[in-house]
1. Could you please find all residues in segment 118-135 being under 23 Å from the mean Cα position of the chain (by Cα) and touching a residue at least 12 places away in the same chain (Cβ under 8 Å)?
2. Would you mind finding the one in 91, 114 that is more than 18 Å from residue 160 (Cβ to Cβ) and assigned by TED's automatic domain parsing to the domain that holds residue 163?
3. Looking only at segment 1-27, filter to residues that are in a helix (DSSP H, G or I) and surrounded by 10 or more Cβ atoms within 10 Å (Cβ to Cβ); which one of those is modelled with the highest pLDDT?
4. Does residue 91 satisfy being at pLDDT 80 or above, loosely packed, with under 12 Cβ neighbours inside 10 Å and more than 24 Å from the chain's Cα centre (by Cα)?
5. Residues of segment 110-134 being in a helix (DSSP H, G or I) and exposed (fewer than 12 other Cβ atoms within 10 Å of the Cβ), which ones?
């Protein structure tokens, strides 16, 4: 008894993977548009320079007026505070930034090695983080993962920098 052989049909090439004219010749099209726009600007009779110059000048005037208004408000309020108040607030901000950096560094060094259950050596399963862990990760710019072991009910965290894998 002969078993009928299956005929192999050739699949049509998907048009999705074919390059369109715009994708294939995009650079050349852009060069042509720039070339014809340059020719247009050479022969046009409009006063484009005046419009562009007026727009740039009014933009600069708007920005400088906004900056001067902001600085006058800032300096007006700065007279209410003593120099020691400003230096003290700056030192507090620097200390808080250093504390955040240190907590972040310690968290990464202590909690970065969790790959298997430290109690029984079994595989760990990824589970959802609680709101505190999400907030901690956001404040300290950390990637926090929470794991659970089904064998011994161990819960643990793995903390890494967002740039690392």
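The values are calculated or read from the model by the stated rules, or taken from the named source; none is laboratory data. Here the structure is a predicted model, which means the values were calculated and not measured. When we count neighbours, we look across all protein chains shown, and the Cβ atoms used for this are built from the backbone with ideal geometry, even at glycine.
1. Answer for segment 118-135, where residues must be under 23 Å from the mean Cα position of the chain (by Cα) and touching a residue at least 12 places away in the same chain (Cβ under 8 Å): 129, 133.
2. That would be 91, the only listed residue that is more than 18 Å from residue 160 (Cβ to Cβ) and assigned by TED's automatic domain parsing to the domain that holds residue 163.
3. The residue in question is 26.
4. Yes.
5. Selection gives 110, 131, 132.
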